[in-house]
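Here's the structure, in C-alpha cells; my notes come after.
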Amino acid sequence: MASNLLKLLVRTGMLPKNMAAKVQAHARHAGIAASTSTLILIPLGEDRLAQLLSRQLDLPCFEPRQLQNLPPVMREFLSMEQALKFRALPIRLGQQGLVVAMADPSDRENMQALASLIGYPLAPLVAPECRLIQAIERCYDRQLPDREQLLLEKMRPAAAMFGPPVEEDIDEAMLEEAEVIDDEIPPKTAITLAELSEKLAAARCRDDVADTLIDHLSGQFDRMGLFLLKNGELRGWRALVGHRLHPEFHNVKITVTGSNLLHAVLSEQNPFLGRVPEPRLLKQLVNALGASCEKAIMLPLILAGRSVGMLFAEEAGQTGSERVTELQNLLAKTACALEILILRNKLTRP
C-alpha cells in the first residue's frame, strides 16, 4: 500500500501510531483504500481529511456537490467501476493533463496505475470521499453497488460510534491544552504580492484562485469571507478567522433579496465600509463568521461588468479607506485570473 495518508496523519498528530497500524491492517484485510478505512474507523470526518491532504500535498480541494453531471467524453476515461475503485472522477482536460478529483492523491501506486489506465498525465484535486462517491453515482446515473453503499454508510456515521464525551473534572491548564489540540486546521502563512500574481496566473481552477487570495490576506484581518453569488444567494467559498481556515464555510448561504445593503454592494457595485446596519444580515454574518460587524468592509467581485461574488472583511482596529482600495485592486486581479480560466476552458473545449 503506497498511500502516505496514514504517515501524514501520524506526523501531524491526528492519529496515534498504533491506530495507524490497525487502519492499515483493516484496509488490507477488507481490500479497500486506506482513506476509506480511516473514515470508517476514525472520527475525523471527510472534510478534515481532505483539508489535511490538500495542505500536505499542496493540491487544491474540490467540492463534489457542485458537479451535477459529467460530459460524456469524461465518462469515457473511466467506467463507473473504475472510478469507484480508484476513488477518482475525471472532470476536464487542462493544460497540465486530465483534472481528476481524488479522495487520496497521496497513494502513489494508485496514481501511477490510474495515469497508465487513462493514458494522460493527471492533475489531481482533493475531494471529500463520501461526497465524491455520491458524485460518481450521480454523474454516471447508476446506483452504487451494494458493497459501495455499505462502505458509504459505514463512513458517514463513524464519528457517532464514539458517543458523547464523558464529563470529567478538568483544570484550566488542561482546557488550554485541549483548545490547542482541537484546532483542526493549522495557520495559513501569508504570501507576498509577487507570489499572489504568480499563483493567480498559474491557477488551474477557480478554487485555486480563491485559495491564492485567501493565502495572501491571511492574518491581515480578524475575519474575512469570500462568497460566490448564485441564484440570489451569497454562498460561502473561502473564509479565514485570523490565520485559520473556516472549515464549514461552504455550508453558508445568505439571501440577497430584501437587503438594501447587499443590493448596493452587488447590484450597484458600491463598496461598503462601517457597521452593518441591517439586523437580519448582521445575524447571518455573525452566524457565518462570528463577526461583530462593527468595522466591516464589503466589496463586490466583478467579472465582465457583473457582480459574481463578494468579499467581507473585518478587523477590530481602525479600518481605513486605504484598505478598501487595496482590496479592490486584489479583487481586480482575482477577476482577471477567473476570466483567464474561462477563456482557457473555452479554448480546450471540443
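So the values come out like this:
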quantity: Spacing of the two label points (7 Å from each Cα toward its C-beta) at THR12 and GLU339, in nm; calculated: 3.6
quantity: Selected from ALA239, LEU229, SER54, residue furthest toward positive end of dipole (the chain; charges at beta carbon); calculated: LEU229
quantity: Net dipole in debye of region 193-348 [+1 Lys, Arg Cβ; -1 Asp, Glu Cβ; about Cα centre; nearest 20]; calculated: 460
quantity: Angle between the chain longest axis and helix 17-30 axis [Cα atoms, degrees, rounded to 10]; calculated: 60
quantity: Radius 14 Å from Cβ of MET111, net charge of other residues (Lys, Arg +1; Asp, Glu -1); calculated: 0
quantity: Which of MET310, MET19, MET102, MET111 has the fewest Cβ neighbours within 10 Å, and the rest in rising order; calculated: MET19, MET111, MET310, MET102
quantity: Listed residue pairs exceeding 19 Å between alpha carbons, taken from LYS230/LYS253; LYS85/LYS154; LYS7/LYS154; LYS199/LYS230; LYS22/LYS85; calculated: LYS7/LYS154; LYS199/LYS230; LYS22/LYS85
quantity: Among ALA34, ALA202, ALA337, residue whose mean-square fluctuation peaks in a GNM of the chain (springs only between Cα atoms under 10 Å); calculated: ALA202
quantity: Folded to 0 to 90 degrees: helix 108-118 orientation relative to the chain principal axis, Cα; calculated: 90
quantity: Helix-only CD estimate at 222 nm, as mean residue ellipticity for the chain, using -39500 (n - 2.57) per DSSP H run (n ≥ 4); calculated: -13500 deg cm²/dmol
quantity: Normalised alpha carbon radius of gyration of the chain [divisor 2.2 N^0.38 Å]; calculated: 1.05
quantity: Intensity falloff of region 193-348 expressed as log10 I(q)/I(0), Debye formula with alpha-carbon point scatterers, at q = 0.11, 0.14, 0.15, 0.18 Å⁻¹; calculated: -0.39, -0.65, -0.75, -1.10
quantity: Estimated dipole of region 5-162 in Debye, rounded to 20 [Cβ of Lys and Arg +1, of Asp and Glu -1, Cα centre]; calculated: 400
quantity: Trypsin sites (Lys or Arg not before Pro) restricted to region 56-147 and DSSP loop, no more than 14 other C-beta within 10 Å; calculated: ARG142
quantity: Charge dipole (debye, nearest 20) of the chain; +1 at Cβ of Lys and Arg, -1 at Cβ of Asp and Glu; calculated: 1520
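Just so you know, all these numbers are worked out from the coordinates, no wet-lab data involved. These numbers were taken from a predicted model, which means no experiment stands behind them. Please note: Cβ atoms are built from the backbone with ideal geometry, for glycine as well, and neighbour counts cover all protein chains shown.
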